[in-house]
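Novice: Below is a structure I'd like to ask you about.
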There are 2 protein chains.
Amino acid sequence: MIIDCHGHYTTVPAEMQTYREAQFADLANVSRGSVSEDITDDQLRESLEGAQIKLQRERGTDMTIFSPRASAMAHHLGSEKANVYWAEHWNNLIYRICQLYPDNFAPVGMLPQFPGVNPKNCIDEIERIVNELGFIGINLNPDPTGGWWTDPPLFDEWWYPVYEKMAELQIPAMVHVSQTTNKHFHFTGTHYLNADLTAFMQFLTSDVLDRFPTLKFIIPHGGGAAPYHWGRYRGLAQDNNWTPVAERIKDSVYFDTCVYHQPGIDLLFKVVPKDNILFGSEMVGAVRGIDPETGFNYDDTKRYVDALGLSDAERTQVYEGNVRTVFPRFKR
Amino acid sequence: MIIDCHGHYTTVPAEMQTYREAQFADLANVSRGSVSEDITDDQLRESLEGAQIKLQRERGTDMTIFSPRASAMAHHLGSEKANVYWAEHWNNLIYRICQLYPDNFAPVGMLPQFPGVNPKNCIDEIERIVNELGFIGINLNPDPTGGWWTDPPLFDEWWYPVYEKMAELQIPAMVHVSQTTNKHFHFTGTHYLNADLTAFMQFLTSDVLDRFPTLKFIIPHGGGAAPYHWGRYRGLAQDNNWTPVAERIKDSVYFDTCVYHQPGIDLLFKVVPKDNILFGSEMVGAVRGIDPETGFNYDDTKRYVDALGLSDAERTQVYEGNVRTVFPRFKR
């Protein structure tokens with residue numbers, strides 16, 4: 001089975017955006033509404049059949065770990081209450097999709113984060129989606145401020161309630177930011193990648209993985225800049241007497257393969273232990289065009305992985321085995 | 001001639017730090033003082049002979065483009081006036097070093113930036129160091145706030161006075177941040193690299209290089225995450241109808257080779273045009289240890305470049321020719 005660990009519902013019906021804008025228009029009086037119930041099964045099918053499902057078939061992948069659109073999370077907008085409803089609607093859509101297409105998608109949820117609000121406000125939604133809806137993981141936004149980085153870092157005890165719940169429920173988190181209102185940072189070009197490296201270094205320089213040894217975090221987009229600068233990080237760890245990088249990430253930190261050219265994937269597999277790599281494409285995602293140098297989509301990352309010449313055992317590990325390790329609730 | 005485009009005076013005598021702390025202790029009454037005059041030639045020689053100069057000899061490099069210690073710039077500390085004195089002292093030390101060792105070092109200056117202060121306050125110092133002291137370039141801090149990113153981005157007209165002066169004087173800028181007070185970001189592990197990608201994307205997504213077509217910017221640390229994600233950036237440019245990446249950076253944006261392992265250097269040279277790569281090591285810098293996998297220093301980047309099997313013409317280009325193109329005032 002070939003499992004793509006990183007897919008977002010980027011083709012959601014427009015009703016969701018309309019709902020969100022109605023929230024913004026009257027934040028003092030948000031009510032739950034029924035947008036996720038009002039969207040029909042046919043709409044869901046239509047939004048997926050010509051996109052993610054078609055591309056799964058064309059590219060030869062079987063299953064996508066599927067979560068709400070990352071840029072739509074926009075935790076820096078709305079309000080604490082508005083974002084509770086927003087997360088609930090998004091997660092309900094993901095649930096319905098996974099019920100409609102149990103052979104194509106497995107559900108991962110977004111959290112009702114909001115700047116300055118302790119993330120223990122996310123516990124109810126985590127329990128709901130895991131215990132009631134069968135979700136197998138969450139996306140955790142390390143910067144709910146949208147590019148201002150003024151909430152506490154991932155090693156701060158601020159996050160411990162979420163980590164404790166993750167440990168209890170045996171679910172991993174993909175560390176994934178959303179949009180940004182800071183003009184310095186383009187969202188998919190800068191903020192996403194900078195957040196990846198930021199998380200990686202927070203794990204390297206802190207004791208959070210010692211305090212929560214069973215937790216598993218996925219750093220998307222091939223680990224941001226980390227593999228390209230692997231020597232820098234090995235050297236920094238050595239100079240500063242931190243736990244060596246390979247040892248630090250073992251059983252705890254994983255990178256996906258959302259790197260959109262062959263030389264990048266080659267590098268990733270050359271330096272990062274294969275135990276720590278999960279196949280992913282973020283399809284349909286940030287980059288949708290066809291690379292004129294190859295004739296195939298930039299984000300058709302399976303082609304790059306296939307071209308590595310991995311052994312059968314290694315292929316199985318990266319395409320399936322590691323995903324099962326990271327997502328123990330994935331049972332298919 | 002083998003020219004290292006990226007060296008900082010990291011081994012400066014302790015008097016400089018004492019001076020800086022005295023500034024902090026009484027910011028309302030800073031006076032210029034004479035710290036850079038008080039440090040003797042013997043102290044300067046002693047600080048360099050056993051470090052940068054010894055390593056130049058051991059590693060077979062001839063010349064280092066030399067600038068103040070990046071982490072010491074700390075534009076987010078001090079005050080506008082304190083930082084004017086601070087930059088002046090640092091630049092005077094760099095000047096004296098280049099007078100003492102004209103065959104080893106060529107001078108690049110730091111600027112007296114301060115958060116919220118229009119960078120036109122840097123013009124006097126730029127004119128002084130270039131016209132009076134023979135400096136050949138500057139380091140420009142794209143985030144003088146120290147990790148909070150609240151000043152305007154590089155494409156904002158806020159920066160135009162500096163760009164106009166750079167164009168007039170024919171000097172390039174290395175885009176290089178300093179320390180950070182934001183706990184999210186480790187300075188040499190996160191903030192430096194994130195700033196590199198941030199600058200790269202700001203050039204890609206704006207018209208600033210069209211407005212200032214003769215300007216040349218060096219993005220250090222191998223371009224941050226950009227080469228590892230080259231397909232992502234080519235794809236984003238294509239999807240968004242931006243100028244294609246290779247065309248956008250041509251004659252304008254350059255990456256150094258401060259990538260501390262062979263696979264990273266291999267990737268850099270595979271995807272980035274050789275016209276846009278300058279040899280650099282940031283020695284003595286962020287990573288000082290010996291890589292047990294190779295037996296050599298992580299930051300001995302010349303070994304990685306030598307191992308690429310470049311043609312003689314390509315070697316000359318990366319080790320010397322491109323530096324001369326980027327630094328037209330370098331005449332040795």
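The values are calculated or read from the model by the stated rules, or taken from the named source; none is laboratory data. This one's a predicted model, so the numbers in the text were calculated from it and none came from an experiment. Backbone-built Cβ (ideal geometry, glycine too); neighbour counts: all protein chains shown. Calculation scope for accessible area: heavy atoms of the full protein, side chains included, ligands and nucleic acids excluded. Shrake-Rupley method; radii C 1.70, N 1.55, O 1.52, S 1.80 Å.
Novice: Scan region B:165-224 residue by residue and report those that are buried (at least 24 other Cβ atoms within 10 Å of the Cβ) and among the acidic types (Asp, Glu).
Specialist: The answer is B:ASP196, and nothing else.
Novice: Here is a check on your reading of the model: is B:GLY109 in contact (Cβ under 8 Å) with a residue 24 or more places away in the chain, closer than 24 Å to A:ASP143 by Cα and more than 9 Å from every other protein chain (Cβ to nearest Cβ)?
Specialist: So B:GLY109 fails the test.
Novice: When the residues of region B:284-299 are filtered to those that are of a type in the set (A, V, I, L, M, F, W, C) and facing chain A (nearest Cβ under 9 Å), which remaining residue is surrounded by the fewest Cβ atoms within 10 Å (Cβ to Cβ)? Full working, then the answer.
Specialist: Here is the first cut: in region B:284-299, the ones of a type in the set (A, V, I, L, M, F, W, C) are B:284, B:286-287, B:290, B:296.
Subsequent filtering for residues that are facing chain A (nearest Cβ under 9 Å) retains B:286-287, B:290.
Numbers: B:ALA286: 23, B:VAL287: 26, B:ILE290: 13.
Within region B:284-299, the match that is surrounded by the fewest Cβ atoms within 10 Å (Cβ to Cβ) is B:ILE290.
Novice: Give just the number: which of (1) touching a residue at least 12 places away in the same chain (Cβ under 8 Å); (2) over 16 Å from A:THR301 (Cβ atoms); (3) part of a helix (DSSP H, G or I) does A:LYS54 not satisfy?
Specialist: (1)
Novice: Right, here's the next one. May I ask you to say which residue of B:ASN83, B:ASN91 is out of contact with any helix residue (DSSP H, G or I) (no Cβ under 8 Å at 6 or more places or on another chain) and open to solvent by less than 10 Å² (accessible area, probe 1.4 Å)?
Specialist: Details: B:ASN91 fails: out of contact with any helix residue (DSSP H, G or I) (no Cβ under 8 Å at 6 or more places or on another chain).
The conditions single out B:ASN83.
Novice: Condition first: of a type in the set (Ser, Thr, Tyr) and part of a strand (DSSP E or B). Now tell me which residues in region A:213-243 satisfy that.
Specialist: Going residue by residue through region A:213-243, those that are of a type in the set (Ser, Thr, Tyr) are A:214, A:228, A:233, A:243.
Within region A:213-243, no residue meets the criteria.
Novice: Hey, another quick one. Can you tell me how many residues within region B:200-227 are at the interface with chain A (Cβ under 9 Å from one of its Cβ atoms) and either in contact with a Pro (Cβ under 6 Å, 6 or more places away or on another chain) or among the charged types (D, E, K, R) (or both)?
Specialist: Qualifying residue count for the region: 1.
Novice: Being over 20 Å from the mean Cα position of the chain (by Cα) and among the hydroxyl-bearing types (Ser, Thr, Tyr) is the filter; apply it to region B:284-330 and report the residue that is farthest from B:ASP4 (Cα to Cα).
Specialist: Of the residues in region B:284-330, the ones over 20 Å from the mean Cα position of the chain (by Cα) are B:289-297, B:303-304, B:306-316.
Adding the requirement that they be among the hydroxyl-bearing types (Ser, Thr, Tyr) leaves B:294, B:304, B:311, B:316.
Details: B:THR294: 21, B:TYR304: 14, B:SER311: 19, B:THR316: 12 Å.
The extreme case among them is B:THR294.
Novice: Restricting attention to region A:99-119, which residues are surrounded by 21 or more Cβ atoms within 10 Å (Cβ to Cβ) and part of a helix (DSSP H, G or I)?
Specialist: A:PRO119
Novice: In region A:64-91, how many are in contact (Cβ under 8 Å) with a residue 60 or more places away in the chain and within 15 Å of the chain's Cα centre (by Cα)? Show your work before the answer.
Specialist: First pass over region A:64-91, keeping only residues in contact (Cβ under 8 Å) with a residue 60 or more places away in the chain: A:64-65, A:67-77, A:85-86, A:89-90.
When the remaining residues are screened for being within 15 Å of the chain's Cα centre (by Cα), the result is A:64-65, A:67-75, A:90.
Counting residues in region A:64-91 that are in contact (Cβ under 8 Å) with a residue 60 or more places away in the chain and within 15 Å of the chain's Cα centre (by Cα) gives 12.
Novice: Considering only residues that are touching a residue at least 12 places away in the same chain (Cβ under 8 Å), more than 9 Å from every other protein chain (Cβ to nearest Cβ) and not in a strand (DSSP E or B), which ones fall in region A:129-150?
Specialist: Passing the criteria: A:ILE129, A:VAL130, A:ASN131, A:LEU133, A:GLY134, A:PHE135, A:ILE136, A:ASN141, A:PRO144, A:THR145, A:GLY146.
Novice: Kindly provide the set of residues from region B:300-329 that are surrounded by 18 or more Cβ atoms within 10 Å (Cβ to Cβ), assigned to a helix (DSSP H, G or I) and touching a Lys or Arg at 6+ places or on another chain (Cβ under 7 Å), ordered by number.
Specialist: Hits for region B:300-329 are B:LYS302, B:GLN317, B:VAL318, B:VAL326.
Novice: Residues of region A:229-243 being within 9 Å of chain B (Cβ to nearest Cβ) and open to solvent by less than 10 Å² (accessible area, probe 1.4 Å), which ones?
Specialist: Scanning region A:229-243 gives A:HIS229, A:GLY231, A:ARG232, A:TYR233, A:GLY235, A:LEU236.
Novice: Being part of a loop (DSSP other than H, G, I, E, B) and either at positive phi or within 14 Å of chain B (Cβ to nearest Cβ) (or both) is the filter here; which residues of region A:244-272 pass it? Step through it out loud before you land on a result.
Specialist: Kept after step one, since they are part of a loop (DSSP other than H, G, I, E, B), are these residues of region A:244-272: A:244, A:250-252, A:257-261, A:272.
Result: A:PRO244, A:ASP251, A:THR257, A:CYS258, A:VAL259, A:TYR260, A:HIS261, A:VAL272.
Novice: To continue, here is another question. So, B:ASP251, is that one out of contact with any helix residue (DSSP H, G or I) (no Cβ under 7 Å at 6 or more places or on another chain) and closer than 20 Å to A:THR257 by Cβ or not? Please lay out each step first, then the result.
Specialist: Working: out of contact with any helix residue (DSSP H, G or I) (no Cβ under 7 Å at 6 or more places or on another chain): yes; closer than 20 Å to A:THR257 by Cβ: no.
Judged against the criteria, B:ASP251 is not a match.
Novice: What is the number of the single condition among (1) open to solvent by 40 Å² or more (accessible area, probe 1.4 Å); (2) within 25 Å of A:THR10 (Cβ to Cβ) that A:GLU157 does not meet?
Specialist: (2)
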